[in-house]
Amino acid sequence: MKKRIVSVLLVAAMAVSMFTGCGSKSDSKKSDSKSGEKTLEVWVPPLDEDTEKNWGDLLTDWEKENNCKVNITLVPWESYEETYTTALNSGEGPDVGYMYNEMFPTFIDAGAVEDMSSYVTDEDKKEYKYLSNGNMMDGQYGWPLVTGVPFVLYYNEDILTELGEKAPETWDDFARICKEATKDTDGDGTVDQYGLAMGLNTSNSGSGLQLLNGFYYFALWQNEGQIYADDLKSVTFADEAGTEAMQWLKDLTPYLNPDFMSYSWSDGFSQVFGAGKSAFGISRSSQTDGTTFAETYPDLNWDFVTSLKNKTYGTFGATDSLTLMSACEDKDLAMDFIKYVTGSEFMTKYHAKCPGAALTESEPYVGDEKMEKIYTEDKDKWHGLQAGPCGVQILTQLSANFQGIMSGETTVEEGLKEAEDYANGLLDEYWANK
């Protein structure tokens, strides 16, 4: 374990040392000396089927008003963080970037992203619904752009009705219904209906961090647990609250589809819950679920609960943000752009084509009526991650241990202890250099 900690820290240290030198911009990013037109380099992942065109069509007026050409670069998800690291190490990179919470600590620590606190007005605080989610590590380093679509608990209404049950509200409700629903329905001696559909295989679903988003954070948060201590100098997911949450999840394994380690999280949902073989399924929600599920799962009679409650509510909702990069030459212009594309005028038009959660109080909801309560009465039941140092490494290890616990390769206590020791080793070395 020590070798792994040291090697990760060496890589991180090298990255930080190189980031500190990336304050220059290439000549191509400066104003055109003949026309006086400015350019703004913006990097985002593919946010829809044609982000470059969908954004570009809506930026024409802003570009004319600011005499600025916006160059949008799409960075593939599969190499997202690596692309940023490589570019910034070589002194390149965007003026405005896009980051998810796990990315921020490394780039904040390296001085690669700017604290936008001085640009936040009282009007912004009233208008932008999720602005506080971009405030982390003592600064406003993110301006939320993609939020909402939290992971929620879907349920099969036909199965619950047959059991004489209604939608669960608490952990006890959920565990009871899972147990009742797990049975042999056709009398052949083999269980063919399950409580909860799950998929914990990462071979075809990207990073193991997605498993934590869907199947772990909700239990931790609903039991009032957290990843880090408030001072970010140690982790707390193995404390009493965290251990109880993990044990509760482990105790659900008799009610899962038995091949849950063979499915990706999305395939587990579609091929088990979507096929009507389980009472519950967990997946990222969408404003258009009412429409798409009717097409994808025409025989499924379903509804959802945004969050169960144990000690409190909680489920994971992405709060990916735009960032003001420290090397940007015209920060005022970049901030004007950031506020424009997250504002009501731009987003109302964009979400009409590509549905998403309204970011501002002025923007109307766009989507199926069935899903609207996620963004109204349930808005406080979901949130993003607590950002902290060494986040990607810590959470990747935690995800691996989570898989080991759920599959029975290790116990709850042993799995959490290993993840805790690894995380605290990283954090001890991180803070020793501060």
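Things worth noting here:
- Subset of the stretch 360-378 that is in contact with a Ser or Thr (Cβ under 9 Å, 6 or more places away or on another chain) and assigned to a helix (DSSP H, G or I) - its residue that is farthest from Glu224 (Cα to Cα): Met371
- Filter result (open to solvent by 50 Å² or more (accessible area, probe 1.4 Å) and either polar (S, T, N, Q) or free of Cβ contacts under 8 Å to residues at least 24 places away in the same chain (or both)) within the stretch 138-169: Asp138, Thr161, Glu162, Gly164, Lys166
- A single entry from Ser307, Ser321 fulfils the requirement of being farther than 19 Å from Trp62 by Cα, at pLDDT 95 or above, of a type in the set (S, T, N, Q) and not in a strand (DSSP E or B): Ser307.
- From the list Thr296, Thr288, Thr253, the lone residue that is in contact with a Pro (Cβ under 7 Å, 6 or more places away or on another chain) and surrounded by fewer than 20 Cβ atoms within 10 Å (Cβ to Cβ) is Thr288.
- Test: residue in the stretch 221-230 that is out of contact with any Phe, Trp or Tyr (no Cβ under 6 Å at 6 or more places or on another chain), closer than 30 Å to His351 by Cβ and at pLDDT 95 or above: yes
- Flag if Asp231 is surrounded by fewer than 17 Cβ atoms within 10 Å (Cβ to Cβ), closer than 27 Å to Asp421 by Cβ and over 20 Å from the mean Cα position of the chain (by Cα): yes
- Evaluation of Val191 against (1) modelled with pLDDT of 95 or more; (2) assigned to a loop (DSSP other than H, G, I, E, B); (3) open to solvent by 40 Å² or more (accessible area, probe 1.4 Å); (4) in contact with a Leu (Cβ under 9 Å, 6 or more places away or on another chain) (one fails), failing number: (4)
- Scanning the stretch 50-83 for residues that are part of a loop (DSSP other than H, G, I, E, B), in contact with a strand residue (DSSP E or B) (Cβ under 7 Å, 6 or more places away or on another chain) and either open to solvent by 70 Å² or more (accessible area, probe 1.4 Å) or without any contact (Cβ under 8 Å) to a residue 60 or more places away in the chain (or both) gives Asn67, Val75.
- A Cβ distance below 9 Å, combined with a sequence gap of six or more or placement on separate chains, defines the contacts here; from the stretch 213-228, residues that are without any contact (Cβ under 8 Å) to a residue 12 or more places away in the chain reach no residue that is part of a helix (DSSP H, G or I) and among the acidic types (Asp, Glu).
- A Cβ distance below 7 Å, combined with a sequence gap of six or more or placement on separate chains, defines the contacts here; from the stretch 324-343, residues that are under 12 Å from Val42 (Cβ atoms) reach residues that are open to solvent by 10 Å² or more (accessible area, probe 1.4 Å) and assigned to a loop (DSSP other than H, G, I, E, B) in the pairs Leu324/Glu114; Met325/Glu114.
- Across the stretch 237-250, the number of residues qualifying as open to solvent by less than 30 Å² (accessible area, probe 1.4 Å) and touching a helix residue (DSSP H, G or I) at 6+ places or on another chain (Cβ under 7 Å) comes to 6.
- The residues on offer are Lys2, Lys34, Lys30, Lys25, and the sole one that is among the basic types (Lys, Arg), under 30 Å from Leu426 (Cβ atoms) and at pLDDT below 90 is Lys2.
- Scanning the stretch 381-388 finds one or more residues that are in contact with a strand residue (DSSP E or B) (Cβ under 6 Å, 6 or more places away or on another chain), within 19 Å of Leu209 (Cβ to Cβ) and open to solvent by 40 Å² or more (accessible area, probe 1.4 Å).
- Residue selected from the stretch 331-359 under the condition crowded, with 19+ Cβ neighbours inside 10 Å and assigned to a loop (DSSP other than H, G, I, E, B), by the criterion modelled with the highest pLDDT: Leu359
The values are calculated or read from the model by the stated rules, or taken from the named source; none is laboratory data. Keep in mind that this is a model prediction, so the values were computed, not measured. Note: ideal-geometry Cβ built from the backbone for every residue, glycine included; neighbour counts use all protein chains shown. Heads up: the accessible areas ignore ligands, DNA and RNA and are worked out on the full protein's heavy atoms, side chains in. Shrake-Rupley method; radii C 1.70, N 1.55, O 1.52, S 1.80 Å.
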